[in-house]
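The structure appears right after this line, and notes come after that.
The values are calculated or read from the model by the stated rules, or taken from the named source; none is laboratory data. What you see is a predicted model; the values in this text were computed from it and never measured. Cβ coordinates were reconstructed from backbone atoms using ideal geometry, including for glycine residues, and neighbour counts include every protein chain displayed.
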Amino acid sequence: MQSKEDLRDKKIRELYSLLEKAYQGGGQNRIDEQHSKGKLTARERIEVLLDKGTFRELDAFAHHHSSQFGLDKHIYLGDGVVTGYGTINNRKVFVYSQDFTVLGGSLASEHGRKICKIMDIAMKIGCPIIGLNDSGGARVQEGVISLGAYADIFLRNTLASGVIPQISVIMGPCAGGAVYSPAITDFIIMVKKTSYMFVTGPKVVKTVTHEDFTSEELGGAEVHATKSGVAHFTAENDIEALEIVIKLLSYLPSNNAEDPPFVPTSDPYDRVDESLNYIVPENPNHPYDMRDIIYKIADNGEFLEIHKDWAENIIVGFIRLGGRSIGVVANQPAVLAGVLDINSSRKAGRFVRFCDCFNIPLLVLVDVPGFMPGADQEWGGIITNGAKLLYAFCEATVPKVTVITRKAYGGAYDVMNSKHIRGDFNFAWPTAELAVMGAKGAVEIIFKKEIEKAEDKEKRQQELIDEFNERFANPYISASYGYIDEVIEPKFTRQRLIDAFNLLENKIDTNPRKKHGNIPL
Ligand code: HXC
C-alpha cells in the first residue's frame with residue numbers, strides 16, 4: 001500500500017507532467033516547423049514580450065470537447081492558444097498568444113472562451129490586452145461554434161474600445177472574419193514576410209475577380225502598411241514586433257481612467273534650438289520635413305511614428321515633452337505639400353480619437369495648403385472623410401496645443417485644431433500664413449476683372465500677389481482677433497510647449513451628455 005506522502009508526490013508529478021504536455025503544444029516536429037519559417041512559438045513570444053518570469057498562465061488544461069470529423073483524436077491541452085497575464089516594465093498586462101502548432105492555431109469554442117476570459121478580467125482590472133495572432137481562422141471542424149466564438153471576441157473588443165488599450169500583433173495567417181478582431185483594436189503590428197491579413201484569400205479572389213495574387217501581395221505586411229493603412233507598424237521579425245509593443249505601451253495609460261506614465265527626462269526643459277528659426281524655407285513653395293521639427297522639440301529627440309508609410313502627407317505618433325506623453329499630429333509639407341486628403345484625414349482622425357480616449361494630450365503642428373482638389377477625392381468622399389478629422393478634433397477634450405509653422409489655409413485651418421474648435425493654446429511662428437487660400441488663387445478670384453483689364457496681365461497679377469502676401473501672409477491679422485494666442489520665436493518652441501502642457505495638466509472640458517456621437521464614418 002502507498003503511503004499518503006507518496007500519493008501526494010504522485011499527484012504533484014501528475015500536475016507537472018500535464019503542464020509539460022501543455023507546453024509541448026502540437027509537438028516537437030511542429031515546433032521545429034514553426035522555427036524553420038523564422039517564427040517563434042506562442043510561448044517563446046510571450047517570454048520575449050513580458051518581464052522575465054512574470055507570466056502566469058490560465059486555462060493551460062482547457063481543450064475542445066468535439067468529436068466532429070475525428071477531432072477527438074486531436075485533443076491538445078490549451079486548445080491552440082496560450083493565455084494569461086504578466087508585466088511589461090512592471091505594468092500589468094493580459095496577453096493571448098495563438099499556437100499555430102496546434103490545429104493551425106484555429107479558433108473554436110474553448111480557444112475563444114479562453115480569450116474572452118482574459119478580456120473580461122482585463123476590463124475589470126483596467127489593463128491593456130495584447131493579442132499575438134497566428135491562426136488559420138475559424139476551426140473548420142467545429143463549424144458555427146467557431147463563428148460564435150469569434151463574435152464573442154468581437155463584442156468584447158468593441159466594449160473594451162476606449163476603456164483599455166488593445167494591441168494586435170499579426171505573426172502568421174489571419175484570414176476571413178478573423179481580421180475583424182484586430183481591426184477593432186487600437187493598433188496592428190504585422191511581421192514582414194510571415195504574416196498576412198485578408199477577408200478572402202488569393203484562391204477565392206481568383207475565382208471571383210480573376211485577379212492573381214500571392215498571399216503576400218494581397219495582404220502582406222507591406223501592403224497593409226503602405227496601401228490599405230490596416231497595419232500601424234511593420235517589423236522585420238517576431239522579436240522586433242514585440243519590442244514595438246513594449247515601446248508603444250510606454251506611452252499609454254493602462255486604462256481610460258489613468259494618465260499616461262510620466263517618464264522623467266534629463267533633456268532640459270528650456271533647451272533652445274537655434275536651427276528651428278531657419279527650418280522653414282524662405283520660399284513658401286519649398287518643402288521641408290516636419291519630422292525634423294518633431295525630433296528637435298521632443299525629449300531626447302525620440303518619436304514613435306505610427307502609420308509611417310501610409311498617408312505620408314500627415315504625420316502621427318508619440319513623443320514626450322518634459323516627461324509627458326504627447327500625441328503629435330503634423331502636416332508634412334515634404335509630401336504633397338502637406339495637403340489633407342481622404343487617407344490623411346482618416347489616419348489622423350483615428351489617432352486623435354485614440355489619444356482623446358486615453359487622456360493623451362495633443363500637439364498639432366500645422367503647415368497645410370488646404371484640402372486636396374480633384375474628382376478622385378470628391379468621388380472617394382473627401383467630404384465625409386475630411387469631416388472625420390474635423391469631428392475628431394472638435395470632440396476631443398484632452399489638452400490641445402497648436403503650432404502653425406507656415407500655411408494654414410482654408411477649411412484645413414479650421415480643421416487642424418484651430419482656436420474655434422477648442423484649441424487650448426494656439427501658437428504661430430512668425431513665418432505663419434493664415435488665409436482663406438494661397439495668394440495666387442485669391443488674387444485670381446478677387447481681382448479677376450482687374451487682371452483681365454491690365455495691359456501686362458502677368459505683371460499686374462504678380463503685383464497683386466505680392467501685395468496680398470504682404471498684407472495677409474502673416475500671423476498678425478489672426479492674432480489681432482485672438483485666433484492666435486501668441487506668436488513665438490521658433491527656437492523657444494520646446495519650452496513654450498512644455499509650459500503649455502504643464503498648465504493644462506488638470507484641464508477639465510466636457511461634451512454634452514449623449515449615448516455617443518454620430519461621427520461621419
Ligand atoms: C482547422 C486548420 C485550419 C482551420 C489550418 N488548420 N487552418 N484546422 N481549421 N481553419 C490545420 C491544417 O489542417 C493543418 O493540420 C495545420 O493546421 C497546419 O496547416 P497547414 O495548412 O499545413 O499550414 P500552412 O501550409 O502553413 O497553411 C496555413 C494556412 C492554411 C494558410 C492558414 O492552413 C489555410 O488556408 N487554412 C484555412 C484558412 C481558412 O480558410 N480559414 C477559415 C477562414 S474563415 P494537419 O494536421 O493537416 O497538419 C474564418 C471565419 C471567421 O476564419 C469568421 C469570423 C466572423
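Tabulated results
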{"quantity": "Members of region 1-56 that are in contact (Cβ under 8 Å) with a residue 12 or more places away in the chain and in a loop (DSSP other than H, G, I, E, B)", "calculated": "Gly25, Gly26, Gly27, Lys37, Gly38, Lys39, Leu40, Thr41, Leu50, Asp51, Thr54, Phe55"}
{"quantity": "Every residue from region 120-137 that is surrounded by 24 or more Cβ atoms within 10 Å (Cβ to Cβ) and within 16 Å of the ligand (Cβ to nearest atom)", "calculated": "Gly131, Leu132, Asn133, Asp134, Ser135"}
{"quantity": "Candidate set: region 73-113, residues that are in contact with a Cys (Cβ under 9 Å, 6 or more places away or on another chain) and under 17 Å from Arg156 (Cα atoms); chosen: the one nearest to the ligand (Cβ to nearest atom)", "calculated": "Phe94"}
{"quantity": "Residue check for Gln98: in contact (Cβ under 8 Å) with a residue 40 or more places away in the chain and surrounded by fewer than 20 Cβ atoms within 10 Å (Cβ to Cβ)", "calculated": "no"}
{"quantity": "Hits in region 194-217 (condition: within 13 Å of the ligand (Cβ to nearest atom) and surrounded by fewer than 18 Cβ atoms within 10 Å (Cβ to Cβ))", "calculated": "Val199, Thr200, Gly201, Lys203, Val204, Val205, Thr214, Ser215, Glu216"}
{"quantity": "Tally of residues being within 19 Å of Pro173 (Cα to Cα) and within 15 Å of the ligand (Cβ to nearest atom) across region 18-41", "calculated": "13"}
{"quantity": "Residue match in region 150-158 (condition: farther than 27 Å from Pro260 by Cβ, charged (D, E, K, R), in contact with a helix residue (DSSP H, G or I) (Cβ under 7 Å, 6 or more places away or on another chain) and surrounded by fewer than 23 Cβ atoms within 10 Å (Cβ to Cβ))", "calculated": "yes"}
{"quantity": "Qualifying residue in region 167-177 (condition: aliphatic (A, V, I, L, M), within 12 Å of the ligand (Cβ to nearest atom), surrounded by 19 or more Cβ atoms within 10 Å (Cβ to Cβ) and more than 15 Å from the chain's Cα centre (by Cα))", "calculated": "yes"}
{"quantity": "Identity of the residue in region 233-292, of a type in the set (Val, Ile, Thr) and assigned to a helix (DSSP H, G or I), that ends up nearest to Phe303 (Cα to Cα)", "calculated": "Ile244"}
{"quantity": "Contacts under 9 angstrom Cβ, first residue in region 492-518 being within 11 Å of Gly322 (Cβ to Cβ), partner surrounded by 10 or more Cβ atoms within 10 Å (Cβ to Cβ) and of a type in the set (Lys, Arg), 6 or more apart", "calculated": "Arg494/Arg271; Arg494/Lys296; Gln495/Arg271; Ile498/Arg324; Phe501/Arg324; Asn502/Arg324; Glu505/Arg324"}
{"quantity": "Meets criteria (at pLDDT 95 or above, over 30 Å from Ala396 (Cα atoms) and either assigned to a helix (DSSP H, G or I) or within 16 Å of the ligand (Cβ to nearest atom) (or both)) for Thr158", "calculated": "no"}
{"quantity": "Residue within region 276-294 that is over 25 Å from Ile130 (Cβ atoms) and aromatic (Phe, Trp, Tyr) present", "calculated": "yes"}
{"quantity": "Selection from region 193-228 of residues that are assigned to a helix (DSSP H, G or I) and in contact with a Cys (Cβ under 9 Å, 6 or more places away or on another chain)", "calculated": "Gly219"}
{"quantity": "Cβ-Cβ under 7 Å pairs, at least 6 apart or on other chains, region 366-381 side surrounded by 14 or more Cβ atoms within 10 Å (Cβ to Cβ), far side at pLDDT below 95 and among the hydrophobic types (A, V, I, L, M, F, W, C)", "calculated": "Gly370/Met437"}
{"quantity": "Residues of region 414-443 classified as at pLDDT below 95 and among the β-branched types (Val, Ile, Thr), total", "calculated": "2"}
{"quantity": "Lone qualifier among Ala479, Ala412 - being touching a Pro at 6+ places or on another chain (Cβ under 8 Å) and assigned to a helix (DSSP H, G or I)", "calculated": "Ala412"}
{"quantity": "Selected residue (only one of Ile129, Ile164 is out of contact with any Pro (no Cβ under 6 Å at 6 or more places or on another chain), farther than 26 Å from His35 by Cβ and of a type in the set (A, V, I, L, M))", "calculated": "Ile129"}
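Listed here are the residues, each with its yes/no results for (1) without any contact (Cβ under 8 Å) to a residue 12 or more places away in the chain; (2) within 20 Å of Ala432 (Cα to Cα).
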{"site": "Pro268", "(1), (2)": "yes, no"}
{"site": "Asn283", "(1), (2)": "yes, yes"}
{"site": "His286", "(1), (2)": "yes, yes"}
{"site": "Ile294", "(1), (2)": "no, yes"}
{"site": "Ile306", "(1), (2)": "no, no"}
{"site": "Ile314", "(1), (2)": "no, yes"}
{"site": "Arg324", "(1), (2)": "no, no"}
{"site": "Gly327", "(1), (2)": "no, no"}
{"site": "Ala334", "(1), (2)": "no, yes"}
